[in-house]
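Visitor: First the structure, which I've put down as structure tokens, then a few questions once you've had a look.
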Amino acid sequence: MFKNTFQSGFLSILYSLGSKPLQIWDKEVSNGHIKRPQDDDIQSNVLEIIGSNVQSTYITCPADPAATLGIKLPFLVIVVKNLKKYFTFEIQILDDRNVRRRFRASNYQVCCDSSEAIHMHYAS
């Protein structure tokens, strides 16, 4: 998707202030919603994704699971507000040897699987 794009500085793939923040994202919503409310703390629109289960309400990018984003930049910046609710995000990385590695962060697991810890360490 961004493989043939000049990449320098930051590349935003999700930005709640744009006119269509989920344009390149696939959305799955069951027993939940995706909204853009005004956040009182930062006085700006944010993206709110709420569902009864993280397996049934989520966004994914690129929308085609066989495609890749082609991002070569070395840093990932994520800004998340603590709403004191269960939360998870998952990132899958395709390295230069065509090996897929998955990084998952959540606040509802007490401990991580050792294989995930190894993948997380290797991918960083």
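The values are calculated or read from the model by the stated rules, or taken from the named source; none is laboratory data. Fair warning: this is a prediction, and the values are worked out from it, not measured in the lab. Neighbour counts run over all protein chains shown; Cβ positions are idealised from the backbone, glycine included. Accessible surface areas use protein heavy atoms only, side chains included; no ligands, DNA or RNA. Shrake-Rupley method; radii C 1.70, N 1.55, O 1.52, S 1.80 Å.
Visitor: How many residues are touching a Gly at 6+ places or on another chain (Cβ under 8 Å) and in a loop (DSSP other than H, G, I, E, B) if we restrict to region 13-50?
Guide: 3
Visitor: Another question about this same structure. Output yes when any residue across region 62-69 is over 15 Å from I34 (Cβ atoms), modelled with pLDDT of 85 or more and of a type outside the set (K, R), and no when none is.
Guide: yes
Visitor: Under 7 Å between Cβ atoms, at least 6 apart or on separate chains: pull out the pairs that start in region 5-16 with a residue that is within 15 Å of I49 (Cβ to Cβ) and end on any residue that is open to solvent by 60 Å² or more (accessible area, probe 1.4 Å) and in a loop (DSSP other than H, G, I, E, B).
Guide: From region 5-16, the pairs are S16/R36.
Visitor: Under the condition of being out of contact with any Lys or Arg (no Cβ under 7 Å at 6 or more places or on another chain) and open to solvent by less than 50 Å² (accessible area, probe 1.4 Å), which residue from region 64-90 is farthest from A105 (Cα to Cα)?
Guide: Filtering first and then ranking leaves A67.
Visitor: From D26, D39, grab the single residue that is more than 27 Å from N98 (Cβ to Cβ) and either modelled with pLDDT of 80 or more or among the acidic types (D, E) (or both).
Guide: Going through D26, D39 in turn, just one is more than 27 Å from N98 (Cβ to Cβ) and either modelled with pLDDT of 80 or more or among the acidic types (D, E) (or both): D39.
Visitor: While we're on this one: I need a count of the residues in region 14-49 that are exposed (fewer than 14 other Cβ atoms within 10 Å of the Cβ), of a type outside the set (S, T, Y) and more than 24 Å from Y86 (Cβ to Cβ).
Guide: So the count comes out to 5.
Visitor: Moving on to the next point. Please work out which residue is modelled with the highest pLDDT, limiting yourself to region 107-118 and to residues that are open to solvent by 70 Å² or more (accessible area, probe 1.4 Å) and outside any loop (DSSP other than H, G, I, E, B).
Guide: Only one residue tops the list, namely S114.
Visitor: Six or more apart or on different chains, Cβ atoms under 9 Å: show the pairs whose first residue is in region 44-68 and over 24 Å from I93 (Cα atoms) and whose second is in a loop (DSSP other than H, G, I, E, B) and of a type in the set (V, I, T).
Guide: Correct list of pairs: I50/T57; G51/V29; G51/T57.
Visitor: Considering only region 96-106, I want to know if a residue exists there that is assigned to a loop (DSSP other than H, G, I, E, B) and either touching a strand residue (DSSP E or B) at 6+ places or on another chain (Cβ under 7 Å) or small (G, A, S) (or both).
Guide: no
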